[in-house]
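One structure is given here, and the rest of the page talks about it.
The values are calculated or read from the model by the stated rules, or taken from the named source; none is laboratory data. Just so we're clear, the structure is a prediction, and the values are computed from it rather than from any experiment. Cβ placement follows ideal geometry from the backbone for every residue including glycine, while neighbour counts extend to all protein chains displayed. Note: areas computed on protein heavy atoms with side chains; ligands, DNA, RNA excluded. Shrake-Rupley method; radii C 1.70, N 1.55, O 1.52, S 1.80 Å.
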Amino acid sequence: MSFDAHYISEKVFQPSLPFKENAVVNTDDLYQEADQDRMEFWNKQAQKLEWIKPWEATCEWNKPFAKWFVNGKLNASVNCIDRHLETKKDKIALQWEGENGLERNITYKELSQHVNQLSNVLRNQLSVKKGDRVTLYMPLIPELVFAVLACARIGAIHSVVFGGFSAESLKDRVQDSDSKLVITADGGSRRGKILNLKNIVDEALDNNEHHVENVLVVKHAHNDCHWEEGRDVDYQTSMEKESAECKAEVMDSEDPLFILYTSGTTGKPKGILHTTGGYLTHATYSTKVVFDLKDDDVYWCTADIGWITGHTYLTYGPLSNGATVFMYEGTPDYPDQGIFWKLIEKYKISIMYTAPTAIRSFMKWGDHIPAKYDLSSLRLLGSVGEPINPEAWTWYYTHIGNNNCPIVDTWWQTETGGIMISTLPGLHNMKPGYAGKPLPGISADICDHKDASVQKGGGLLSLTEPWPSMARGIWGDNERFKEVYWSQLDSYFTGDGAIRDKDGYIMVLGRVDDVINIAGHRIGTMEVESSLVDCDKVAEAAVVGVQDEIKGQALLAFVILKKDTVETDELKYELKQFVSKKISPIAKPKFIVFTEDLPKTRSGKIMRRLLKAIALNQEVGDTTSLANPGIVSELRERFKKEKKESIPQI
Ligand code: WTA
């Protein structure tokens, strides 16, 4: 990969004086503290949580495995709920709206009741114990937050699987985590239709390769679904039997809190493991300083809890800070393209955290849509998931923020647990396209392939010192953890390329490995390739990323069909549906190019570098090692034709 910036930003934006004056952070004291004594800095952050027993050592670093707040004891759900009850019991913790306009307001006291009751259901009726894994496959409803926190309360390890994943993807994740229980809902709303989640769970469990004993079902959409006597349990009736008091499990700081699956460069998704004390410390601290969170904010993170952003910045971070969190079960374009702005006006949302892909869609739909609503409650905007191009940044700043709300462009990953690079909104100027600097307590560097720090130009983004919320491993596969993240550089390798400017601001350029970022979601090309070759008509497939105006990137699949299979448009459609069904609609290739050959070396290895160059319409460079040099121009032609003919997908 070349490390040229996609765009160089010329403009610098400043937070307003009143914003600066009232900001949680408006001096560089935190940076100084962290620079002087990083461990003491993290001790101070951890002390803001409620501990049952204090820790004995801040960090034990046995590369690549860290232990933070060693031998400290705490419970994450107590930190997100119980400790607020004295002062905030009547404050709204969750404000929820469904696609059909249904509303729910849940105070901290009510949150406590729901979570305690559910914890009792899990413990008493479903025999879930500390250390057991529980898969959550649910729509974005308050019960998903309850379920996450109930698992945390009794020490069960939650594994949330995004409701858009297919039965097969769910099955893989249930099996890999060896879950004892699945919590789901009858259905979820999606653009006026109901997605029958329970059916997908049934399909995923229709085999003998798992140890799931029960499926707890929330009746949410009230659609019909199959009921398996003896296995399926009704959420509501089970809740009614339980009291609203459940003693929280005493958790070691290093006890696992959750597993979250994410795509990697091999065919199999990785279960990223996070533990309790360090994760919660960073979630709490980073939410406070990056989002400038105050007691009267109404905070909206538009991510689903199926992704890490929804774990850290919809659930643990804001609730641990005692904030009011808004959540919406729906998409930005239904019932119309103004719904997000309508919600901001209605709920007087003050902080909005969303993804560049959504912002680019809003831009395309037109300025006149947000202009119809009163967005004056907003005071801070956030972006996450992929690089934000200055055009989208400026649109967000002008049309949503009314030139008056700082934007935090937050860089981080499932593996980092929380935000690593961002500006602090009351302290720093903003440069569109640049995420900013490593947060106080975080150390990042840009290295060349030989691990030397690069001062000028681009390189590989690495994190050079351990941090509290770092992944503790890949569930069941620590060798892979070492190999993927810790074998290329001396420190943690992020998989991203980046450049740094003279002020130390970092611009993240995107992945340098075979992971594609589609609308902020990570998809491994190998995963899509292996699902394509599972189709009995496909002999071979190679998948690469192409640029996409709205989604950032999209997938291009080069497919060699089996002998005597005819290349038709119907087959292209069929293959796209096949991948969608196997993995998720997110992973569906945008373009399929049939070919009889792929660029291969004489030893038969596919030269992916050439496929990437074709996809991005770049020069291919040296092709002398190719067994079939003519294939490059042929594939270029075929891709050009495919682009012309393909019907745009929404
Ligand atoms: C990309 C999402 C540029 C990056 C929190 C990273 C970003 C991957 C940004 C992690 C950003 C995330 N600017 N790129 N502000 N935020 N990324 O695990 O490539 O779903 O490695 O975590 O998203 O995706 P993940």
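Data overview
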{"read-out": "Contact order relative to length of the stretch 503-650, as percent, for alpha carbon pairs under 8 angstrom and 6 or more apart", "value": "18"}
{"read-out": "The chain - percent relative contact order, Cα under 8 Å, separation 6 or more", "value": "14"}
{"read-out": "Between the stretch 587-633 and the stretch 171-195, the Cα center-to-center distance that results, in Å", "value": "38"}
{"read-out": "Whole-Hz couplings from phi, Karplus 6.51/-1.76/1.60, listed for the stretch 29-37; x for Gly and Pro", "value": "3, 4, 5, 5, 4, 5, 5, 5, 8"}
{"read-out": "Per-peptide average of other Cβ atoms within 10 Å, ordering 583-589, 231-237, 546-552 highest first", "value": "583-589, 546-552, 231-237"}
{"read-out": "Charge-dipole axis of the chain as Lys and Arg at +1 and Asp and Glu at -1 on Cβ define it, positive-most pick from Gly338, Pro432, Ile592", "value": "Pro432"}
{"read-out": "Whole-number percent relative contact order across the stretch 40-120, with pairs defined as alpha carbons under 8 Å at least 6 apart", "value": "20"}
{"read-out": "Mean Cβ neighbour count within 10 Å, used as a protection proxy, ranking 164-173, 267-276 highest first", "value": "267-276, 164-173"}
{"read-out": "Span from the the stretch 212-291 Cα centroid across to the the stretch 12-77 one, whole angstrom", "value": "25"}
{"read-out": "Trypsin sites (Lys or Arg not before Pro) restricted to the stretch 453-525 and DSSP loop, no more than 12 other C-beta within 10 Å", "value": "Lys456, Lys502"}
{"read-out": "In Å², nearest 10: area of Val566 left accessible to a 1.4 Å probe", "value": "100"}
{"read-out": "The stretch 309-364 and the stretch 133-160: distance between their alpha carbon centers, rounded to Å", "value": "21"}
{"read-out": "Residues with amide H under 5 Å from that of Leu136, placed H, sequence gap 5 or more", "value": "Ser159, Val160, Val161, Ile183"}
{"read-out": "Antiparallel DSSP beta bridges within the chain, percent to nearest 5", "value": "60"}
{"read-out": "Sequence ranges 201-207, 458-464, 74-80, 420-426, ranked by mean other-Cβ count within 10 angstrom, highest first", "value": "74-80, 420-426, 458-464, 201-207"}
{"read-out": "Within the chain, helix-based [θ] at 222 nm, where runs of 4 or more DSSP H residues each add -39,500 (n - 2.57), nearest 500", "value": "-8000 deg cm²/dmol"}
